[in-house]
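In what follows, a structure is listed as structure tokens, so that the remarks can point back to it.
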Amino acid sequence: MKIYPVSLGCPKNAVDFEIILGGLEDFEIVDNIRQANICLVNTCAFIESATQESIDTILEISQENPNVKLFVSGCLPQRYGKELIDLLPEVDLFLTCQNPRQAAEQIRSFLGLPEGKESYRRPLTPLPYAYVKISEGCDNRCSYCTIPSIKGGFRSRSQEKILQTAYQLADQGVRELILVAQDTTSYGKDLGVKNGLAKLLNVLHRIKGIEWIRIMYTHPAGWDDYLIDAVAEMDKVVKYIDLPIQHVSDSILERMGRRVTRKQIEVLIEKMRERIPMLALRTSLILGFPGEGHDEFNELVEFVEKQKFDRLGAFEYSAEEGTRALNWTDDVTQRTKTERRNMIMELQADISAFKNQSLIGQKLLVLVDQYDRDRNSTIGRTQWDAPEIDNTVILPETVQVGRFYRAEIQSADVYDLYAI
Ligand code: SF4
């Protein structure tokens with residue numbers, strides 16, 4: 001069996017995908033659809049544009065190799081279910097279940113193959129780092145978000161299961177664990193565990209071979225002094241926090257159902273920067289939410305100028321079926337949404353360029369992820385950069401992949417550092 005795997009969407013989806021592929025351990029992975037007799041497309045469907053990308057990818061693949069057995073997993077079948085059968089007759093089987101191991105067994109039984117052996121994840125990310133999903137679903141129910149309706153309520157994975165995964169990854173040579181979930185700061189709450197995330201960091205911290213632990217997708221309302229101190233005190237926990245705030249205008253935050261005010265966000269950021277030296281803060285913003293007038297937008301611009309986030313992603317609001325926000329008139333034109341997003345990203349590009357210039361001449365510890373054939377270079381990241389979304393460090397091709405390396409920064413541009 002030759003399988004051609006395609007994974008779309010977020011790292012949480014990628015983890016599920018690696019587990020499905022682990023259940024197909026006897027399939028050979030090929031990187032050309034024409035050589036494959038099986039194709040598995042792991043889809044994303046949390047907003048309309050992601051849904052469209054998933055559908056386009058499925059159609060492209062079925063045109064490139066009409067004989068391939070086509071399986072579809074991920075959020076598209078979980079969100080739309082049986083509706084898709086008529087819409088996409090090219091697909092042989094939609095995997096609607098959320099359990100990736102079950103999905104692998106459904107593929108095997110569809111192909112008339114015996115049950116798979118006990119399987120590990122089949123990592124698709126470069127070796128030095130791996131994502132670890134610590135929970136599924138979300139109880140926050142932000143008014144614009146479809147994820148709770150796709151993934152259900154918040155469910156923590158047991159600490160035991162997470163540790164088992166982390167030790168397996170360390171044995172495979174992983175040096176950096178990246179904790180992901182819809183809301184990592186809620187970890188343990190459903191299990192009645194107080195300070196669950198900080199306690200989880202504490203046990204992961206003891207794993208030999210793991211040098212960096214990164215927390216992604218935190219919720220501003222989920223932070224307290226205990227967790228801030230845990231990040232500050234544990235040296236393996238990178239001094240990097242992903243803190244999506246989405247907006248700062250109190251009226252917009254309330255309509256989004258974010259459960260925090262501007263003041264609370266400001267106090268939290270101040271505390272984090274005070275208590276965690278050399279901290280890099282990443283955030284995400286949504287532009288063009290219903291009711292975002294000039295004043296609300298200008299307030300956000302001033303906030304971004306003042307706070308100078310180290311890393312920032314900005315997205316245009318998309319009115320989604322099944323969300324509370326759909327009840328409000330989508331009163332910001334598409335053109336204005338795009339203009340506002342571009343303005344924020346231009347502002348952030350200046351901030352990023354300025355911060356990167358200040359790193360020239362410094363020696364920084366870099367985890368070397370992979371070799372880049374096109375650039376004849378190796379690519380790495382500082383502790384202040386998550387894979388795929390943040391800055392990279394471009395290194396000489398002689399630098400060994402998979403290791404930490406002390407890099408001397410020679411030059412910089414908006415999102416990349418160049419080092420020897
Ligand atoms: S916290 Fe994130 S995943 Fe949860 S409802 Fe809000 S936006 Fe969606």
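Computed packing ranks the peptides 239-252, 340-353 as 239-252, 340-353, most packed first, by mean other Cβ atoms within 10 Å. Taking a temperature of 37 °C and a viscosity of 0.692 mPa s, what whole-number D in µm²/s does Stokes-Einstein yield for region 363-419 with Rh from Kirkwood over alpha carbon pairs? So the translational diffusion coefficient is about 300 µm²/s.
How much net charge surrounds Tyr4 when only other residues with a Cβ under 15 Å from its Cβ are counted (Lys, Arg +1; Asp, Glu -1)? Net local charge, Tyr4 excluded: -2. An ellipsoid equivalent to region 50-125, defined through the eigenvalues of its Cα gyration tensor, has semi-axes of 22, 15, 13 Å when rounded to whole angstrom and sorted largest first. Within region 57-157, the trypsin sites (Lys or Arg not before Pro) that combine a DSSP coil assignment with at most 12 other C-beta atoms in a 10 angstrom radius are Lys82, Lys117. Each of Phe404, Phe46, Phe354 has its accessible area taken with a 1.4 Å probe; listed largest first, they run Phe354, Phe46, Phe404. Overall size of region 297-420 from C-alpha positions, given as principal axis extents largest first: 56, 31, 22 Å.
For region 325-340, backbone phi angles converted through the Karplus equation (6.51, -1.76, 1.60; θ = phi - 60°) give residue-by-residue couplings of 5, 4, 6, 8, 4, 6, 7, 9, 5, 4, 4, 5, 4, 5, 4, 5 Hz, Gly and Pro being listed as x. Neighbours of Thr338, meaning other residues whose beta-carbon lies under 13 angstrom from its beta-carbon, give a summed charge of +1 when Lys and Arg score +1 and Asp and Glu score -1. Compactness of region 181-262 is given as radius of gyration and Dmax, 14.1, 47 Å, from Cα positions.
Take the alpha carbon gyration tensor of region 1-65, find the square roots of its eigenvalues, order them as a ≥ b ≥ c, and report rounded if a/c is under 1.5; if not, report prolate when a/b exceeds b/c, else oblate. Oblate, because a/c is 1.5 or more while a/b does not exceed b/c. Amide H to amide H distances under 5 Å link Tyr4 with Val30, Ile38, Cys39, Leu40, where only residues 5 or more positions off or on other chains count and H is placed in the peptide plane. Taking Cα centre as origin and charging only the Cβ of basic (Lys, Arg, +1) and acidic (Asp, Glu, -1) residues, the dipole magnitude of region 31-176 rounds to 560 debye.
Would you tally the net charge around Pro148, using a Cβ to Cβ cut-off of less than 9 Å, leaving Pro148 out, and scoring K and R as +1, D and E as -1? Net charge in that neighbourhood comes out at +1.
Evaluated on region 1-122, the Kirkwood hydrodynamic radius is 14.2 Å, with distances taken between all distinct Cα atoms. Backbone phi angles across region 259-268, fed through the Karplus curve with coefficients 6.51, -1.76 and 1.60 (θ = phi - 60°), yield HN-Hα couplings of 6, 9, 10, 4, 4, 5, 5, 4, 4, 4 Hz in residue order; Gly and Pro are listed as x. Binning every alpha carbon pair distance of region 129-357 at 5 Å from zero, what are the percents per bin? Taking every Cα pair in region 129-357, the percentages come to 1, 6, 13, 17, 18, 16, 13, 9, 5, 1, 0. When only the Cβ of Lys, Arg, Asp and Glu is charged (+1, +1, -1, -1), the dipole of region 363-419 relative to its Cα centre reaches about 280 debye. The HN-Hα couplings worked out from phi for region 92-104 by the Karplus form 6.51 cos²θ - 1.76 cosθ + 1.60 (θ = phi - 60°) are 7, 8, 9, 9, 8, 6, 8, 8, x, 5, 4, 4, 5 Hz, whole numbers, x standing for Gly and Pro. Between amide H atoms placed 1.01 Å from N, distances below 5 Å from Tyr131 occur with Ile178, all of them 5 or more places distant or on a separate chain.
Legend note: in the chain, cysteines whose Cβ sits 4.7 Å or more from every other cysteine Cβ are Cys10, Cys39, Cys44, Cys75, Cys97, Cys138. In region 2-110, Cα pairs under 8 Å separated by at least six residues give a relative contact order of 28 percent. Projecting the Cα positions of Ile269, Gly192, Trp328 onto the charge dipole of region 129-357 (unit charges on Cβ atoms of Lys, Arg, Asp and Glu, taken about the Cα centre) puts Gly192 furthest along the positive direction. Global dimensions of the chain from alpha-carbon coordinates: Rg and Dmax equal 21.8, 62 Å. Loop-only chymotrypsin sites (Phe, Trp or Tyr not before Pro) in region 165-238, please: DSSP not H, G, I, E or B, and at most 12 other Cβ atoms within 10 Å. Passing sites in region 165-238 do not exist. Checking every one of the GluC sites (Glu not before Pro) in region 1-93 against DSSP loop status and a limit of 14 other Cβ atoms within 10 Å picks out Glu25, Glu90. Accessible surface calculations at 1.4 Å, restricted to protein heavy atoms, place region 363-419 at 50 Å² per residue.
Considering only protein heavy atoms and a probe of 1.4 Å, how much of the accessible area of the chain is carbon and sulfur, as a whole percent? Here carbon and sulfur together make up 50 percent of the probe-accessible area. Think of region 363-419 as a dipole: +1 on every Lys or Arg Cβ, -1 on every Asp or Glu Cβ, centred on the Cα centre; then among Thr398, Ala412, Ala386, Thr398 lies furthest on the positive end. Spin-label model, Leu191 to Arg335: label points 7 Å out along the Cα-to-beta-carbon direction sit 5.3 nm apart. Using only side-chain charges placed at the Cβ, +1 for Lys and Arg and -1 for Asp and Glu, the dipole size of region 129-357 relative to its Cα centre rounds to 800 debye.
The values are calculated or read from the model by the stated rules, or taken from the named source; none is laboratory data. As the structure is a computational prediction, the values presented were derived from the model and not from experiment. All Cβ positions, glycine included, derive from the backbone under ideal geometry; neighbour counts span all protein chains shown. Ligands, DNA and RNA are stripped out before the accessible areas are found, and what is left, the full protein with its side chains, is counted by its heavy atoms. Shrake-Rupley method; radii C 1.70, N 1.55, O 1.52, S 1.80 Å.
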